[in-house]
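Trainee: One structure is given below, represented as structure tokens, and several questions about it will come after.
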2 protein chains.
Amino acid sequence: MQNSEALALTAALLAAAGDLTRRINDGVEARGFEGRPAYGFAFTRLARGGATVTELATHLGVTKQAASQLVDELVRKGYVERRPHPEDARARLIVLTERGWECTRAAEEAAADAVRAWVEVLGEGDVRLLYDRLVRIAPYGPLRPAW
Amino acid sequence: MQNSEALALTAALLAAAGDLTRRINDGVEARGFEGRPAYGFAFTRLARGGATVTELATHLGVTKQAASQLVDELVRKGYVERRPHPEDARARLIVLTERGWECTRAAEEAAADAVRAWVEVLGEGDVRLLYDRLVRIAPYGPLRPAW
DNA sequence: ACGATTTGGTCAAGCTACTTGACCATGACC
DNA sequence: GGTCATGGTCAAGTAGCTTGACCAAATCGT
């Protein structure tokens, strides 16, 4: 593989990721929610029983201060609540509200719509293969804003 | 494909793209250049005979003001020059300096190194296939910062 | 059991990379 | 040749992160 192709591969990845996130965000807004792409990724972490600010920060690949500010935003918009943590009095458990669950489902639907567009071009098998390969490359890396 | 998988696919794309850009940027800095990831993508556009600020803006998916600021930065660091445009007195042609070419090559090498790590995991064929599929999905979309 | 250190969280301030808005100079179009 | 479009810059504003300081609760060492 030539050097110039390696940069092109990176560009293609970024373009694809940007395309998807934009479509999803548009879809979420079209369903009556206001937000930014980071919400969706926060939701995927919160959906499994809630999370602490620090856990969220790790998941998103930002400082805990930034995660805390994001949570402020989500609280203000009614998507999550800060509850006392059942096992650690220092920590707070961030959990989705009913509206938060609705927004999560909206994001999943929008994502499914966007991916469906890809499936029409590549076919189900290739999209699944793409996913499989990507997971093997960057299994659980933080979701940093990309460039 | 289930809804939740669609979001996971997006996350995987972002993680992979973020991983690559980080590795490349580290590699470029290790080779003695200072910069940020956007430089590399600007260089790929400038490498083919230069470009105007507006063309660069389109390529990167930002406003022309933002592109102009990026060019300021690149000029300050000695990577590019603003020349009068040979065919349009309003425009300026942004071209790489010798140091700009060196940095471009460094970015390509770093990208090749990063991709090589992927090839070791997936094999050359799968990486090439990945690239092929990505290009078919998001052929020439702008390279927006991803989330 | 108790002082020292670590960990979870927030407050405050600062910065980077973008945006929008205003503007000028040149080119394109009847 | 006047009108509008296009390329570029200057200026100001903003979003979303960062670093640094700090407090309270938990954990560790002795």
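The values are calculated or read from the model by the stated rules, or taken from the named source; none is laboratory data. This one's a predicted model, so the numbers in the text were calculated from it and none came from an experiment. For neighbour counting, all protein chains shown are included, and Cβ atoms are generated from backbone atoms with ideal geometry for every residue, glycine included. Just so you know, the surface numbers come from the protein's heavy atoms only, side chains and all, with ligands and any DNA or RNA stripped out. Shrake-Rupley method; radii C 1.70, N 1.55, O 1.52, S 1.80 Å.
Trainee: What figure in square angstrom, to the nearest 10, would you give for the accessible area of B:D26 with a 1.4 Å probe?
Mentor: Its heavy atoms expose roughly 80 Å² to the probe.
Trainee: For a quick check of understanding: with a 1.4 angstrom probe and all protein chains in place, what accessible area in square angstrom does A:E102 have, to the nearest ten?
Mentor: Spelled out: A:E102, probe radius 1.4 Å, area about 80 Å².
Trainee: Once the Cα atoms of the range A:12-137 are picked out, what are the Rg and Dmax in Å?
Mentor: When restricted to the Cα atoms of the range A:12-137, Rg and Dmax are 16.0, 51 Å.
Trainee: Continuing with the same structure: Identify the trypsin sites (Lys or Arg not before Pro) of the range B:56-116 meeting these criteria: DSSP loop state and at most 11 other C-beta atoms within 10 Å of the C-beta.
Mentor: Details: sites: B:K64, B:R76, B:K77, B:R82, B:R90, B:R92, B:R99, B:R105, B:R116; in loops: B:K77, B:R90.
Sites meeting the loop and neighbour criteria: B:R90.
Trainee: Taking each label point as 7 Å beyond Cα in the direction of the beta carbon, state the distances from A:A30 to the same residue in the other copies, shortest first, in nm.
Mentor: Here A:A30 shows inter-copy label distances of 4.3 nm.
Trainee: Here is a follow-up. Can you list residues whose amide H is under 5 Å from A:T52's amide H, if they're 5+ apart or on another chain and H is modeled 1.01 Å from N?
Mentor: A:I94
Trainee: Oh, and also: Which one of B:Y39, B:T63, B:L134 has its Cα pushed farthest toward the positive end of the charge dipole of chain B, where Lys and Arg give +1 and Asp and Glu give -1 at the Cβ?
Mentor: Of the listed residues, the answer is B:T63.
Trainee: May I ask you to report, in nm to one decimal and beginning with the shortest, the distances from B:Q69 to the same position in the other copies, taking label points 7 Å along Cα-to-Cβ?
Mentor: 1.6
Trainee: Same structure, new question: Can you give the charge dipole size of chain A about its Cα centre, rounded to the nearest 20 debye, using +1 on the beta carbon of Lys and Arg and -1 on the beta carbon of Asp and Glu? Write down the numbers at each step before the final one.
Mentor: Working: 20 positive and 20 negative charges, 102 e Å.
For chain A, the charge dipole is close to 480 debye.
Trainee: Can you give me the distance in nm between label points at B:A91 and B:V75, each placed 7 Å from the Cα along the Cα-to-Cβ direction?
Mentor: 1.8
Trainee: Report the paramagnetic label zone for B:R128: residues of the range A:1-40 whose backbone N is under 11 Å from a point 7 Å from Cα along the Cα-to-Cβ axis.
Mentor: A:1-2
Trainee: 222 nm [θ] for chain B, helices only, -39500 (n - 2.57) per DSSP H run of 4+, per residue, to 500?
Mentor: Numbers: 6 runs with 98 residues, N = 147.
Using -39500 (n - 2.57) per qualifying helix, the result is -22000 deg cm²/dmol.
Trainee: I've got another one for you. Be a star and scan the range B:1-34 for residues whose amide nitrogen sits under 12 Å from the point 7 Å along the Cα-to-Cβ vector of A:W101.
Mentor: Zone members listed by number: none at all.
Trainee: Find the all-direction average of the projected area of the Cα convex hull for the protein assembly as shown, expressing the result in square nanometres with one decimal place.
Mentor: Averaging across all directions leaves 17.1 nm² for the Cα convex hull.
Trainee: Now for a different question. Between copies, how far apart are the A:E81 label points? List them in nm, one decimal, shortest first, with each point 7 Å from Cα toward Cβ, please?
Mentor: Distances between equivalent label points, in nm: 6.6.
Trainee: Can you list residues from other chains, or at least 5 along the same chain, whose modelled amide H is less than 5 Å from the amide H of B:V80?
Mentor: Under 5 Å from the amide H of B:V80 lie the amide H atoms of B:V75, B:T97, each far enough along the sequence or on another chain.
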